[in-house]
Amino acid sequence: MVEPDPQFKLVILGNSNVGKTCIVHRFANESFLEGSTPTIGANFLTKQMTLSDGKRIKLEVWDTAGQERYKSLTPMYYKGSSAALIIYDITQPSTLEGAKDWIKELKNHGPANIIVGLVGNKLDLNRNVSKETGMDTAQRNMSLFFEVSAKTGENISEMFQEIANRLPKDPPRKRQALSQGEAKKETSSCCN
């Protein structure tokens with residue numbers, strides 16, 4: 001019997017309008033999504049990838065809403081994630097500040113050993129956040145650093161490939177229902 005490809009969850013976080021949905025669309029469809037509207041709640045897709053060692057995995061990518069009113073829902077989306085990409089817009093310095101908050105949130109409440117990447121998007125536009133500032137922020141927060149353009153596709157595939165190659169060799173265990181014969185009975189007694 002052929003083993004199914006291991007599956008890993010990657011969550012995309014960041015403030016509203018930084019290009020999270022466009023990055024996911026570019027990764028999945030290799031095209032730019034014109035006129036994207038803000039995500040409500042979250043969307044996800046699964047894409048099969050081949051790692052540098054030739055093994056294949058399925059990457060489940062969760063695109064989350066960045067609006068403040070949905071922020072309380074975010075912990076349920078990053079629960080069980082093996083990796084997270086935190087996106088900011090290199091034309092808007094305030095979004096890097098927002099990314100710092102997302103990193104702090106993830107470090108305080110996210111899964112242990114989650115792989116985190118800080119991502120400056122919109123390389124195709126004139127920047128207002130230097131690459132050095134982004135790199136310094138990533139380094140101080142022990143995160144990987146990427147700069148990409150969802151519009152042109154620059155560095156999108158490379159970023160997802162780098163994250164995929166850093167995933168643990170053993171995927172998270174899938175929840176499996178125990179059959180009645182396998183269930184362990186727990187007993188307690190006051191007089192043992």
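Select from the stretch 76-102 the residues that are of a type outside the set (A, V, I, L, M, F, W, C) and not in a helix (DSSP H, G or I) and list them in ascending order.
If the condition is that a residue be of a type outside the set (A, V, I, L, M, F, W, C) and not in a helix (DSSP H, G or I), then Lys79, Gly80, Ser81, Ser82, Tyr88, Asp89, Thr91, Gln92 are the ones that fit.
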Odd one out for Val148, checked against (1) at pLDDT below 95; (2) closer than 27 Å to Gly80 by Cβ:
(1)
Tell me, which residue of the stretch 119-145 that is part of a helix (DSSP H, G or I) and hydrophobic (A, V, I, L, M, F, W, C) is farthest from Ser81 (Cα to Cα)?
Met135
Residues of the stretch 142-162 being under 14 Å from Ile103 (Cβ atoms), surrounded by fewer than 19 Cβ atoms within 10 Å (Cβ to Cβ) and in contact with a helix residue (DSSP H, G or I) (Cβ under 7 Å, 6 or more places away or on another chain), which ones?
Leu144, Phe145
Residues in the stretch 136-172 that are at positive phi and in contact (Cβ under 8 Å) with a residue 60 or more places away in the chain total 1
Taking the stretch 105-135 on its own, how many of its residues are charged (D, E, K, R), touching a residue at least 12 places away in the same chain (Cβ under 8 Å) and farther than 20 Å from Ile163 by Cβ?
2
Name the residue that is modelled with the highest pLDDT, counting only residues in the stretch 93-120 that are surrounded by fewer than 17 Cβ atoms within 10 Å (Cβ to Cβ) and among the polar types (S, T, N, Q).
Ser94
Expected single match for modelled with pLDDT of 90 or more, buried (at least 21 other Cβ atoms within 10 Å of the Cβ) and either in contact with a His (Cβ under 8 Å, 6 or more places away or on another chain) or not aliphatic (A, V, I, L, M) (or both) among Thr21, Thr64, Thr46 is Thr21
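The values are calculated or read from the model by the stated rules, or taken from the named source; none is laboratory data. Nothing here was measured: the structure is a model prediction, and the numbers come from that model. Cβ coordinates were reconstructed from backbone atoms using ideal geometry, including for glycine residues, and neighbour counts include every protein chain displayed.
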